[in-house]
1. Percent relative contact order of the chain, based on C-alpha pairs within less than 8 angstrom and at least six residues apart?
2. With the crude spin-label approximation of a point 7 Å out along Cα→Cβ, what separation in nm comes out for Lys699 versus Glu136?
3. Using the membrane-span-like helix rule (whole DSSP H runs, Cα extent along the own axis of at least 30 Å, mean Kyte-Doolittle hydropathy at least 0.0), which helices of the chain qualify?
4. Using a cut-off of 20 Å between alpha-carbon atoms, which lysines can reach Lys177, once sequence neighbours fewer than 8 places away in the same chain are excluded?
5. Suppose all protein chains stay in the model; what accessible area per residue would a 1.4 Å probe give for the chain, in Å²?
6. With label points built 7 Å along Cα→Cβ from the Cα atoms of Asn123 and Arg662, find their separation and express it in nm.
7. From the Cα gyration tensor of the range 142-277, with a ≥ b ≥ c the square roots of its eigenvalues, which class applies: rounded if a/c is under 1.5, or else prolate if a/b is larger than b/c, or else oblate?
8. Is the range 263-303 best put as rounded, prolate or oblate by its Cα gyration tensor, with a ≥ b ≥ c the root eigenvalues, rounded for a/c under 1.5, and otherwise prolate when a/b is larger than b/c, oblate when not?
Amino acid sequence: MCFITEEIDTEVQQQIQSINNIQKDSSFVLGLNEESAQRVDLTGGKGSSLAVLMNLSKQLVKNNSKHQFSVANGVVVTTNAYERLLGENKDLLKAIENLEKSTQLSPKELKSKCDEVMDLISNYRLSQSIQKAIEEKLNNNFNDFENKLFAVRSSGASEDSEEMSAAGQMTTYLGVKGLDNIYSSVMKCWSSQFSHIAVEYKRGYGQPINSPMAVVIQEMIACESAGVMFTCDPITGDERVIEVTANYGLGESVVSASAEPDTIKLSVNIESNSLSKSRYIKSIENKVIGAKKTFIKLLDNGGTVEEEVNNNNDCSVSDEDLYRLGDLALVIHKHYGNARDIEWGLKAGEIFMLQSRPVTNLDNSYTDYEIMHELDSVHPTELEIYSRAHWGENFPGSSSWIVLTWFWSNKSQIFRFDPTLNPIDFNPYVEMMGIEYNQLMFNLTTSQFDMFADYPDSEQSKNMVVSMFGHHIDDKDVLNCFRQKRLTRPKPKLWPKCIKFCKLFYGLFFGPTNLIRDKTDYMEKRKYDLVGLIKHNKSSKDILQSILDNYFDISRLLLKNHGSVSMGSSIKNSILKGLLKTGKNDNPYLDSDFNLMISSCDNVISAEVPNSLREIAKAIKNKQQFRQLTDEEALQVLRNGNDEASKKFEKFLEIHGHRGYRELDPMYETWKENPIPCIKTIRTLLTGKESQLEPKIGKSVDEVVDKLKTPLSSLKKYLIRNFFLPWSRRGVGYREQSKYFMIWLNNHWRQGSRYLSKQMVSEGLIPSADSFYYLTIDEVLALCNGERDPLILQKMRHRKRLYPKMDKYKFEEFSKGPEMKPKNFEDRIILPTLSSGMVQMKGTPVSNGTVKARVCVSEDITDADNIQPGDILITYSTDIGWSPYFPLLSGLITEIGGTISHGAVIAREYGIPCLIAIDGACRVFKTGDICILDTSSGTITKVE
């Protein structure tokens, strides 16, 4: 249960207003108690948060509140100082700019580049002006700062938001003593935002690599116990629960998951959705004592040390202090107006607040259901009937988000033809289409399907049904739908009938001529090249706009010729079939004779593909040796050779290379981009008989007519032989040529999208080129226009994770009603009944989901290279160093750690099912095991 905050303290609103009114502050260092320190643009996420907490602490003391806390004193080296550093040292700025442009490096090369930048910055000394400002502020805030220990923390302006969490990716130095060590730590903090982990994380969210950076220098508190608390359930967002995790000593052991902390749940009384109504702690709901084998404490002369816990059977925080912490959590929650993730510490009965950030990814997360249905069509009525017929061939499985939103949105204008250019209006197709689970469907209940309305009484409708569905329909609901259309449709008027006839006449007699003219113009005369037209643009914004400007030409031609030629071919086939039908009543040979007539058509360009592959296989000299090669080796032989087979292969790719599997979806590769499917076919042909290498030869018109079993008069045979059959065959050839041309045009949009996606990667807008296809066109527009919204990238990753599952969904031929589901929707993961030899372990769920996958056991990060995409990682614990591997995982198991440990936080952020506190999991399971991780039961079970 997640409550929506309706109000924020008026004092906070006034503070925000006053902060906005402050003019540009050029200070290099600010005290946490200064008003300017609350500005994120000056002091970053941590610095601003600490300043707000300090101000709140003062207010509580001033108002004699019974709930009070302290904030350790300190200063902030501002983003102005960071800008001064880069402004004075152009070589640093140039090195950072080179890193930003390094988008095509391997992980190893990128890490090396990051290390170079970090070393370069770390080895610089702070300028005298900044050193002087730090010393003066420390003198003003502390009487004897030279003898005090400080925490020097990175404070990026872009970290710790509700959308994304830096989760300890920037460096923190504890127990720092002396000015020289403080200066050195500040430089290292600034350099830490260019670590390999931080850079990969920022790119994963489309954020700038070089962002404003402040550094907090705060007095260290030698806490007796410390930890983290969430002012809501960190998994569900339920604000009726406050979760506290704690350990002895400093809170670093809790955050880093180096020790298994105590976990306590506090029950909160909530009377209203409004934060203005009082909330209070009702009780301690649950208390789990963690192992707490070690804790971290400060050393007197600087630094920290890890020691063993003497008594780990008791809770590290008393019940009285837990209630105090809970009450303060509610105060802080109300002050900020949203759920908070708070670091705290206890010393001699005094409570210190060390940090407060928004709880990441609660209100901004999406369920699998929402992602799967975000592009679904609306359902005008309770009974909608959809079918994957026809469109399932053109768009098999689930389509990419970009193709659905690009093709069917107004942005591409694909169905917005200029009527002066083409009398055929395709606008009704928009209403004819339905989208469910990212799969395109016919909506049979829309008014545009009057072509089926007369089924089964009309021969034309019967032909259309067979053409689209491949068989006659006997489904009662579908037949009733057609019947209702007949009863409700208006009586056709003469003028619309004339227009329809003209369109049919135009497509029948002028479609082929227009097709050949346009095909010759674009493919031979213009040699149309979209990438060539857009590559003069330097930015992704300009490239996208240029693609949109040029795409009208593609969209105008993409379906214009194919629609008219296909309609003409259907009419010709109907006439041909009609001649056969009149030859005999209840003709049992009708379908077989008709199939015979249209099976050997001339100039069917798609039929050239298998024949061309046979010719290549036939031309290979050493066929036995070629068969023994791998696909990749065979490809290199054909690509690098100079013999007849290589030349034929090169010619094949030149003619047919723009085609391939799912050729209308730009996410998928063409044969030219990935010829391996063709290589597999060639190698398979070589394993068969010699007869397989002979090209298939079609039957002539005379041969076909002579084999017809339908009794026909001499006149009908003459008409079929000399006019209608050749005419129909040419129609089929034109139809295939129109599709060939359509795919050729679409491939230029594919290449344009490839070009755009690479530019977006180079600008740091998306983490990888393939990410582009999991974005909607509106999201691409937003990113290219400078909206670096991490939620867009979060949704992109979620879609990418769900796509393989959605792609496997299969539907009944007719899906009915608004709650339509794939027929294999219930093929979900079911936990097995434990039997002898089966292994199952239980843990604490911290990120929900169920997954069945291969296990990779990596007790420490040295084994991380063994992780394969989709693995469930089982490890002792994770720290920030594991972050680059999280996008590869489908699940996570750790032996230790709390609900706010690094692994738990990042698992929730990436939507990865995760169980923690499964002691001994690394010994019980081994790499390669197939396991089911189920957070609803809190178990991981070995099944294979």
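The values are calculated or read from the model by the stated rules, or taken from the named source; none is laboratory data. All values derive from a computational prediction rather than experimental measurement. Cβ placement follows ideal geometry from the backbone for every residue including glycine, while neighbour counts extend to all protein chains displayed. Quick note on the areas: whole protein, heavy atoms, side chains included, nothing else; ligands and nucleic acids left out. Shrake-Rupley method; radii C 1.70, N 1.55, O 1.52, S 1.80 Å.
1. After rounding, I find 12 percent.
2. Rounded to a tenth, the inter-label distance reads 9.9 nm.
3. Sorted by number, the helices that extend far enough and score high enough are 494-520.
4. Partners found: Lys132, Lys137, Lys148, Lys188, Lys297.
5. Per-residue value: 45 Å².
6. Computed distance between label sites Asn123 and Arg662 equals 4.8 nm.
7. oblate
8. Oblate shape, in that a/c is at least 1.5 and b/c is the bigger or equal ratio.
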